[in-house]
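Novice: The structure is given below, and queries will be raised subsequently.
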Amino acid sequence: MVAKNRKLASVGRLSRDGPEGIEVETWVDRETDHGTFKDERLGRRFKTLLADIGGAIGASLPLACQDWANTKAAYRFLSNERVDEADILSGHFAATAERFAATTGTILVLQDTTEFSFKRERPEQIGFTKSIRTRKDRRRSVHSVCGILMHSSLAVTTEGLPLGVAAIKFWSRKKFKGARALKTKVNPTRVPIETKESVRWLQNLEQSTALFAAPDRCVHVGDRESDIYELYCKARELGTHFVVRTCVDRLAGDGGHTIADEMEEVAVKGLHRIEARDEHGEVCRATLELKYRRIHVLPPIGKQKQYPELDLTVIHAIERGAPKGRKPIEWKLITTLPVRSRAEAIEKLDWYAMRWKIEVFHKILKSGCKAEDSKLRTADRLANLIALFCILSWRVFWLTMLNRTMPDAMPETALTETEIRVLDRLVPDPAGARRRQRTLSHYLTKLARLGGYLARASDPSPGNIVMWRGLVRLTDIQIGVEIGAGDMGN
């Protein structure tokens, strides 16, 4: 495991300073070198913009760019018709593939959808995401939310270290009427998947599998929204795997019963004790009863001529007893992977639990990068900006998880020599610290302390918020050090 992590670190790390203080390569270079822009000048402008915003995470574009010339160049780049989110993320996709190649074993590809809401005088320029009911002055009304939706795939190791974004899709909905009435007239299972928004799950699965070129190593993880039979068939076609939480009780066996009927006959094959939180955030213990069986699953009735029957493993983890202060835990998973023992069933449950990592990634986008605070006026510009934010969000998340998964690595794994020197000068070592203790965790903790982390003995590992605050402060201080050094040279 240590050897694998060191190899991975050498691919994902930032540069060291070369001879005479010349910077050999930065993290920005790593994430942009293999970009596929239609014009080299666009690639150079993007690299500058990524560095500027990366040094002022959460700030507005004018604040990040500092002057009108750079700000105007940023606006022109984001509104350029020859630039789209695929161009912006192409270099990052290539870097993610390199980090994937540097690992061994299973990699989890987490999929989920999030929405970005904006307030605009002309919302039709961006689009609509949904209609919501509100109550004001004792009157009920319905209004449409202006914004865009994003469906992303994040590759992580089984230890939780994010390797990068592997696929992404942006869209907004046209203002619709009578959508609910349509469901009463047309069975959704009979509608071709290509005409549904759900097709994004298949598209991301296909794109990320092609990016990594090792389908047997990928396990695609999704919540109940991804319980789509077409996705199961697509995974089989591509030779990859999935772990999905189910919400549909599908036909099984010879078609005379369902998966639920068959699982009722399965005896409990083991217990799994976990920690959970109640509605007040208090930690409590829960005991889950585990059942698993390989089941012959049939496609929906309206599509049985289009799709094949599949043999899949169903896992049920049901909490024993009725807990106080929260709903009982009930996980029903379905996967292509075999489960032959209690340990293998728990492994799949742990992999599904990793799905929360993509929620954290989306939280960094909104809370750290403040994507919803942008004043850009069109969906295309916003999509380009959010795609850029995805790279920054991954980096913050990557640094946070490096501190937890590879604490004993060399500090050059994630920091340049200049950053290490600045941190040594700004953040004093704890009393009694020795040279041999100066590991990656030692310096990332210093970075988090710049962001407000107290580093007390009882404190948990620093999180994403203090990490991105520390990055912003470190960038500001570095700029001051460089300016000061230049003045002294003059």
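Novice: Output the number of the condition that L388 fails; it satisfies all remaining conditions of (1) at pLDDT 95 or above; (2) out of contact with any Leu (no Cβ under 9 Å at 6 or more places or on another chain); (3) open to solvent by less than 50 Å² (accessible area, probe 1.4 Å); (4) not small (G, A, S).
Specialist: (2)
Novice: Something else about it: Being over 27 Å from D373 (Cβ atoms) and among the aromatic types (F, W, Y) narrows it down to one of F93, F77, F100, F116, so name that one.
Specialist: Exactly one of F93, F77, F100, F116 is over 27 Å from D373 (Cβ atoms) and among the aromatic types (F, W, Y), namely F100.
Novice: Shifting gears a bit: Within the stretch 249-288, track down each residue that is more than 25 Å from T189 (Cα to Cα), more than 30 Å from the chain's Cα centre (by Cα) and in a strand (DSSP E or B).
Specialist: G270, L271, listed by residue number.
Novice: Does I465 count as open to solvent by 30 Å² or more (accessible area, probe 1.4 Å), of a type in the set (A, V, I, L, M, F, W, C) and assigned to a helix (DSSP H, G or I)?
Specialist: Details: open to solvent by 30 Å² or more (accessible area, probe 1.4 Å): yes; of a type in the set (A, V, I, L, M, F, W, C): yes; assigned to a helix (DSSP H, G or I): yes.
Judged against the criteria, I465 is a match.
Novice: Let me ask you something else. Looking at the stretch 372-379, can you tell me whether even one residue there is small (G, A, S) and over 23 Å from D223 (Cβ atoms)?
Specialist: yes
Novice: Would you confirm whether any residue within the stretch 234-247 is closer than 14 Å to L333 by Cβ and modelled with pLDDT under 95?
Specialist: Within the stretch 234-247, the first condition is being closer than 14 Å to L333 by Cβ, and the residues that meet it are 241-247.
Keeping just the survivors that are modelled with pLDDT under 95 gives 247.
Scanning the stretch 234-247, I find at least one residue that is closer than 14 Å to L333 by Cβ and modelled with pLDDT under 95, so the answer is yes.
Novice: Could you please let me know if I315 is among the β-branched types (V, I, T) and either modelled with pLDDT of 95 or more or over 20 Å from V283 (Cβ atoms) (or both)?
Specialist: Spelling it out, I315 is indeed among the β-branched types (V, I, T) and either modelled with pLDDT of 95 or more or over 20 Å from V283 (Cβ atoms) (or both).
Residue-wise test of (1) within 26 Å of L205 (Cβ to Cβ); (2) of a type outside the set (V, I, T); (3) in contact with a Gly (Cβ under 8 Å, 6 or more places away or on another chain); (4) open to solvent by 10 Å² or more (accessible area, probe 1.4 Å).
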| position | (1), (2), (3), (4) |
| --- | --- |
| D84 | yes, yes, no, yes |
| F93 | yes, yes, yes, yes |
| T106 | yes, no, no, yes |
| Q111 | yes, yes, yes, no |
| P123 | no, yes, no, yes |
| I148 | yes, no, yes, no |
| L161 | yes, yes, no, no |
| A167 | yes, yes, no, no |
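Novice: If you don't mind, there's one more thing I want to ask. Search the stretch 46-70 for residues that are on the phi > 0 side of the Ramachandran plot and pair each with any residue that is among the hydroxyl-bearing types (S, T, Y) and open to solvent by 20 Å² or more (accessible area, probe 1.4 Å) when their beta-carbon atoms are under 9 Å apart and the residues are at least 6 apart or on different chains.
Specialist: G58/S367
Novice: Here's something else I'd like to know. What pairs come out if I take residues in the stretch 292-318 that are under 17 Å from R236 (Cα atoms) and in a loop (DSSP other than H, G, I, E, B) and pair them with residues that are among the aliphatic types (A, V, I, L, M) and open to solvent by 20 Å² or more (accessible area, probe 1.4 Å) whose C-beta lies under 7 Å away, six or more apart or interchain?
Specialist: If the second residue must be among the aliphatic types (A, V, I, L, M) and open to solvent by 20 Å² or more (accessible area, probe 1.4 Å), the pairs left are L298/L251.
Novice: Same structure again: With the structure loaded, tell me whether A235 is among the small types (G, A, S), surrounded by fewer than 20 Cβ atoms within 10 Å (Cβ to Cβ) and under 21 Å from the mean Cα position of the chain (by Cα) or whether it fails that test.
Specialist: On the way: among the small types (G, A, S): yes; surrounded by fewer than 20 Cβ atoms within 10 Å (Cβ to Cβ): no; under 21 Å from the mean Cα position of the chain (by Cα): yes.
Spelling it out, it is not the case that A235 is among the small types (G, A, S), surrounded by fewer than 20 Cβ atoms within 10 Å (Cβ to Cβ) and under 21 Å from the mean Cα position of the chain (by Cα).
Novice: Sticking with this one: Quick one: count up the residues across the stretch 449-476 that are under 21 Å from M406 (Cα atoms), hydrophobic (A, V, I, L, M, F, W, C) and in contact (Cβ under 8 Å) with a residue 40 or more places away in the chain.
Specialist: 4
Novice: State whether the residues of the stretch 250-266 include one that is of a type outside the set (S, T, N, Q), surrounded by 14 or more Cβ atoms within 10 Å (Cβ to Cβ), touching a residue at least 12 places away in the same chain (Cβ under 8 Å) and within 30 Å of C146 (Cβ to Cβ).
Specialist: No, the stretch 250-266 contains no residue that is of a type outside the set (S, T, N, Q), surrounded by 14 or more Cβ atoms within 10 Å (Cβ to Cβ), touching a residue at least 12 places away in the same chain (Cβ under 8 Å) and within 30 Å of C146 (Cβ to Cβ).
Novice: Give the residues of the stretch 313-337 that are exposed (fewer than 13 other Cβ atoms within 10 Å of the Cβ) and more than 26 Å from the chain's Cα centre (by Cα), sorted by residue number.
Specialist: G321, A322, K324, G325, K327
The values are calculated or read from the model by the stated rules, or taken from the named source; none is laboratory data. All values derive from a computational prediction rather than experimental measurement. FYI the Cβ positions are ideal-geometry reconstructions off the backbone, even for glycines, and counts take in every protein chain you see. Quick note on the areas: whole protein, heavy atoms, side chains included, nothing else; ligands and nucleic acids left out. Shrake-Rupley method; radii C 1.70, N 1.55, O 1.52, S 1.80 Å.
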